[in-house]
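In what follows, a single structure is set out as structure tokens and then discussed.
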Amino acid sequence: MSLKFAVLISGGGTNLQALIDAVESGHIPAEIGLVVSDRPDAYGLERAKKHKIPSVVLSRKEFESAKNRDEILVETLENHDVDFLMLAGYLSILTETVVKKYEKRIINIHPALIPNYAGKGYYGDKIHKEVLANGDKETGVTLHFVDTGVDSGPIIIQERIPVFEVDTLESLKSRIHSVEHRLIVDTAKKYCEDSLNV
Ligand code: GRF
């Protein structure tokens, strides 16, 4: 029986789209059983709808604590028989409630070369703006397993990406995104085939 995974998002969901396309073409031998968003207005939810993938919104505001929200998250994941989770731009920090339950079964994509620009507060455009402001010559993408820290779990793969002097936030982001889409698909595929070399 093929594996089923959930994709957790907070925004546009271009990484989610890459995963959807790879599943639909048969490249990833698995099914996306659920999309979870912590924001009701995340465009990724539209993508899920378009591809008839069940989705659920667990908005931060609706719960008194992150633990409380994650208890509902675990319940939802179990109801959908999910085997593993891909965090694709999910901005909430998962608590032990989820991490312990899905140990070595949660993979996050981070748009920098961890340990650089990683940890609490480093997400989205903030990372790219700092990379540009610091005049860095390279940045990158990291996929890692999620542990109870922030961006601290075992690294699965990293790829370097050049930063050019003429880069703007948009040009850099778009170069990073195209690498992300390839790596997130490769990683999910390898996870399903049990061929990740961590
Ligand atoms: C990606 O750059 C991901 O690495 C970061 O958030 C962004 C999400 O992009 N954590 P998208 O929603 O998949 O387009």
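Please treat every number below as a calculation from the coordinates, not as lab data. Quantities reported herein were computed from a predicted structural model and do not represent experimental measurements. Positions of Cβ are generated from backbone atoms using ideal geometry, with glycine treated the same way; all protein chains shown enter the neighbour counts.
Quick rundown of the values:
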item	result
MRE, 222 nm, helices only [DSSP H, n ≥ 4, -39500 (n - 2.57), over the chain, to nearest 500]	-11500 deg cm²/dmol
Simple label model, 7 Å out from Cα along Cβ direction - GLU193 to LYS137, nm	3.5
When each of LYS49/LYS101; LYS67/LYS104; LYS67/LYS120; LYS4/LYS67; LYS4/LYS101; LYS50/LYS126 is checked by Cα-Cα distance, pairs over 21 Å	LYS49/LYS101; LYS4/LYS67; LYS50/LYS126
Cα-only radius of gyration and Dmax that characterise segment 3-192, units Å	15.9, 49
Net charge dipole size for segment 45-198 [Lys, Arg +1 and Asp, Glu -1 on Cβ; Debye, nearest 20]	280
The chain, relative contact order in percent, only Cα pairs under 8 angstrom and at least six apart counted	21
For peptides 156-164, 101-109, sequence by mean Cβ density within 10 Å, most packed first	101-109, 156-164
Pair ASN68, LYS49: separation of 7 Å Cα→Cβ label points (nm)	2.8
Beta bridge orientation in the chain: antiparallel %, DSSP, nearest 5	40
Computed magnitude of the charge dipole of segment 1-105 (debye, nearest 20; Cβ of K, R +1, Cβ of D, E -1)	160
Packing-based order for 83-92, 135-144, using average beta carbon neighbours within 10 Å, highest first	83-92, 135-144
Simple spin-label estimate for ILE93 and SER59 in nanometres, 7 Å along Cα-Cβ	2.4
Per-selection Kirkwood Rh - segment 44-98 (Cα, Å, 1 d.p.)	12.3
